[in-house]
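Trainee: Below is a structure I'd like to ask you about.
The values are calculated or read from the model by the stated rules, or taken from the named source; none is laboratory data. Fair warning: this is a prediction, and the values are worked out from it, not measured in the lab. With ideal geometry, Cβ positions are generated from the backbone for all residues, glycine too; neighbour counts draw on all protein chains shown.
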Amino acid sequence: TPAATTDSSRVRIDLRKPGLRDITIASNNLLNTSLAKPDETITLTFESLEKIKTPVVKIAGHPASVTDSAGDTQWTATYQVQSGDDQYLFSEGLTAHYLLDGNANDLSGNDDDGTVEGAILAADRHGREGKALSFDGTDDNVVIAESEDFERNSHTISFWVKADSWGGDLVSKDGESEDRQWLVGSAAANGQIRSHVWTTSVFYKDSNTILSTGEWHHVLQVWDGSSLSLYLNGTIDNSLATNGPLKSGSHPIR
């Protein structure tokens, strides 16, 4: 945007926010990197798509220490959790949280517990036995009962997955032939991921990235009511514009 100065010269001001990618956040909690206790450190890393000055970063509302490791584009922000920190800031807006380490209990405090049907214990992405669930791809499920908590007109769905082969839904609230609302699944047997939401219309997008088998991948679907975005392994992969409220439904999450 051109702007005039006191000496009548002109400068151009770029009002666009710099893009970010490869965003990760984790704690140094030895048992669960998605949780943080007092004296433990939360680390946020990201890459800016253009050179920027040292950004101001807050983690859960607290000022973080920020360092750059590669020419004003590779950033690391850290915050050490303090005794007495308001834990609400760490879970604000969280609808449900499942570790799937032997059960499907909801750790968010909202009591949307699920039921494990057939899945067996397995090692998680850190190699810890009994800290994840393995599904046979046929009739194993975690079933979470119908709740208005999962029927808002925006959502973020985040999970880790490792597949021996690809095909079918990964997590969904979908009646298949009726009451279809949202899902994240395999678009094809080749490892493409499909992001899908039903409103007054049908909106879906397949990933550009082909996910490999035998490795852990992070999948994130974000729908804010006007756009549907799919992130794979911390990087935006695809998105599309949407409109309309979430279609009504009565099916559980699987």
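Trainee: The conditions are (1) exposed (fewer than 15 other Cβ atoms within 10 Å of the Cβ); (2) on the phi < 0 side of the Ramachandran plot, and ARG180 fails exactly one of them. Which is it?
Mentor: Result: ARG180 fails condition (1) only.
Trainee: I want to confirm something. Restricting to the stretch 186-196 and keeping residues that are closer than 12 Å to LEU211 by Cα and not charged (D, E, K, R), which single residue is surrounded by the most Cβ atoms within 10 Å (Cβ to Cβ)?
Mentor: Once the filter is applied, the top-ranked residue is ILE193.
Trainee: Okay, moving on. Does the stretch 182-194 contain any residue that is touching a Gly at 6+ places or on another chain (Cβ under 9 Å), closer than 21 Å to GLY19 by Cα, modelled with pLDDT of 95 or more and not aromatic (Phe, Trp, Tyr)?
Mentor: Within the stretch 182-194, none of the residues are touching a Gly at 6+ places or on another chain (Cβ under 9 Å), closer than 21 Å to GLY19 by Cα, modelled with pLDDT of 95 or more and not aromatic (Phe, Trp, Tyr).
Trainee: Would you please name the residue that is farthest from VAL161 (Cα to Cα), looking only at residues in the stretch 235-246 that are in contact (Cβ under 8 Å) with a residue 60 or more places away in the chain and surrounded by fewer than 17 Cβ atoms within 10 Å (Cβ to Cβ)?
Mentor: The qualifying residue farthest from VAL161 (Cα to Cα) is PRO245.
Trainee: Under the condition of being assigned to a loop (DSSP other than H, G, I, E, B) and modelled with pLDDT of 85 or more, which residue from the stretch 29-50 is nearest to the chain's Cα centre (by Cα)?
Mentor: Filtering first and then ranking leaves LEU49.
Trainee: Out of all the residues in the stretch 67-77, which are buried (at least 16 other Cβ atoms within 10 Å of the Cβ) and more than 23 Å from the chain's Cα centre (by Cα)?
Mentor: Across the stretch 67-77, the qualifying residue is only ASP68.
Trainee: Can you pull out the residues in the stretch 116-133 that are surrounded by fewer than 14 Cβ atoms within 10 Å (Cβ to Cβ), of a type outside the set (Asp, Glu) and at pLDDT 90 or above?
Mentor: Correct list: GLY118, ILE120, ALA123, GLY130.
Trainee: Please go through (1) β-branched (Val, Ile, Thr); (2) touching a Leu at 6+ places or on another chain (Cβ under 8 Å); (3) surrounded by fewer than 16 Cβ atoms within 10 Å (Cβ to Cβ) for VAL143 and return the number of the only condition it doesn't satisfy.
Mentor: (2)
Trainee: So LEU170 passes all but one of these: (1) under 21 Å from LEU94 (Cα atoms); (2) touching a residue at least 60 places away in the same chain (Cβ under 8 Å). Which condition number does it fail?
Mentor: That leaves (2) as the condition not met.
Trainee: Hey, another quick one. Picking from THR138, THR156, which residue would you name as being surrounded by 14 or more Cβ atoms within 10 Å (Cβ to Cβ), assigned by the TED database to the domain that holds LEU228 and modelled with pLDDT under 95?
Mentor: Only one candidate passes the filter, namely THR156.
Trainee: Next up: Among residues belonging to the stretch 202-231 that are part of a strand (DSSP E or B) and hydroxyl-bearing (Ser, Thr, Tyr), point out the one that is surrounded by the fewest Cβ atoms within 10 Å (Cβ to Cβ).
Mentor: Residues of the stretch 202-231 part of a strand (DSSP E or B): 202-206, 216-223, 227-231.
Those left that are additionally hydroxyl-bearing (Ser, Thr, Tyr): 204, 227, 229, 231.
Numbers: TYR204: 17, SER227: 13, SER229: 18, TYR231: 21.
If we take residues in the stretch 202-231 being part of a strand (DSSP E or B) and hydroxyl-bearing (Ser, Thr, Tyr), then SER227 is surrounded by the fewest Cβ atoms within 10 Å (Cβ to Cβ).
Trainee: Scan ALA60, ALA96, ALA64 and give me the residue that is outside the structural domain of HIS217 (by the TED database), touching a residue at least 40 places away in the same chain (Cβ under 8 Å) and surrounded by 16 or more Cβ atoms within 10 Å (Cβ to Cβ).
Mentor: On the way: ALA60 fails: touching a residue at least 40 places away in the same chain (Cβ under 8 Å); ALA64 fails: touching a residue at least 40 places away in the same chain (Cβ under 8 Å).
Only one candidate passes the filter, namely ALA96.
Trainee: Could you please give the count of residues in the stretch 43-57 that are within 21 Å of TYR231 (Cα to Cα) and either in contact with a helix residue (DSSP H, G or I) (Cβ under 8 Å, 6 or more places away or on another chain) or surrounded by 11 or more Cβ atoms within 10 Å (Cβ to Cβ) (or both)?
Mentor: 6
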